[in-house]
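> Please see the structure below; I have some questions.
Computed from the coordinates by the stated procedures, all read-outs in this text should not be read as laboratory data. Here the structure is a predicted model, which is why all the values come from computation and not from measurement. Note that we place each Cβ from the backbone using ideal geometry, even for glycine, and neighbour counts take in every protein chain shown.
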Amino acid sequence: MEGEDALTHFATTRWSLIRNGHAARAGINANEGLTRLCQIYWRPIFTFIYRRGYSAQDAQDLTQDFFLVILEGTLLQSADPARGRFRSLLIKSLKNFLIDAAVKRRTRKRGGDLQFVSWEKWMAEAPCQLSISAQALATSPAEALFDLSWAAAVAEEALRRLRMECESKGRRRVFEVLQSYLTAERSDICYQDLSHTLGVPEPSVKSLLHQFRIRYRSLLREEVAKTVGTEANVDEEIRYLCATLSAGPDGP
């Protein structure tokens with residue numbers, strides 16, 4: 001990402017969505033972007049709260065409450081992108097939110113003029129490929145689970161965008177077949193099988209997968225760039241998130 005593309009990209013970071021939330025309350029339509037923000041990141045928030053000892057139902061309620069506070073523009077309005085990563089800012093704000101007994105006891109009216117998405121819709125629209133075992137969920141530190149879920153959320157958003165691009169070009173079937181191999185070692189890929197499944201020559205499969213890998217890495221970089229203050233922080237954050245996913249707890 002260079003030149004004008006980079007400048008345009010950093011103008012639409014997660015911080016800009018948060019800051020525009022207050023404008024949305026005044027009648028400006030920034031709500032859609034904030035709702036998307038919630039759909040992407042609800043899993044890390046919910047996982048952290050649940051690991052802190054709340055029941056699943058209470059964790060659901062508190063997750064929605066936390067995002068409603070963000071949507072109202074009262075939690076992160078003073079956020080400074082230059083002072084840290086969005087991931088770190090969000091978990092710090094979440095900890096403060098949970099410490100506030102008044103917030104924990106508050107009964108909020110959901111929906112209304114915010115038209116907030118339902119919990120069921122969140123779960124339906126953001127299927128998670130990361131499986132955390134019950135043992136890991138019960139024993140891993142809440143912060144570690146937050147970072148693991150966060151890394152998965154970023155990767156899945158890049159994957160979602162790649163899927164949409166493929167669908168727009170009539171390549172949905174190709175995406176469905178190749179998506180599992182975007183990060184696979186080349187030694188683990190049987191191009192002959194993929195060629196048979198897709199009905200195209202092996203060289204074409206290799207070319208398609210190469211193109212998909214390049215585009216996926218580009219989209220992943222864009223998603224990470226939205227959560228850090230400057231371009232210089234992107235590579236460091238990508239390395240951290242990749243290491244987090246590699247060291248994450250295995251599924252059941």
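> Taking 51 Å as R0, compute the FRET efficiency from the Cβ-Cβ separation of Leu98 and Ser187 and round it to 0.05.
The computed FRET efficiency comes out at 0.70.
> While we're on this one: Enumerate the calculated ³J(HN,Hα) couplings along region 163-175 in order (Karplus 6.51 cos²θ - 1.76 cosθ + 1.60, θ = phi - 60°), each rounded to whole Hz, writing x wherever the residue is Gly or Pro.
4, 4, 5, 5, 5, 5, 9, x, 10, 4, 4, 5, 4
> Here's another thing I want to ask about it. Please give the contour-minus-distance gain from Leu137 to Tyr240: 0.36 nm per residue of separation, less the Cα-Cα distance, rounded to one decimal in nm.
That pair, Leu137 and Tyr240, stretches by 35.0 nm at full extension.
> Which of Val224, Val234 has the fewest other C-beta atoms within 10 Å, and how do the rest follow up to the most?
Val234, Val224
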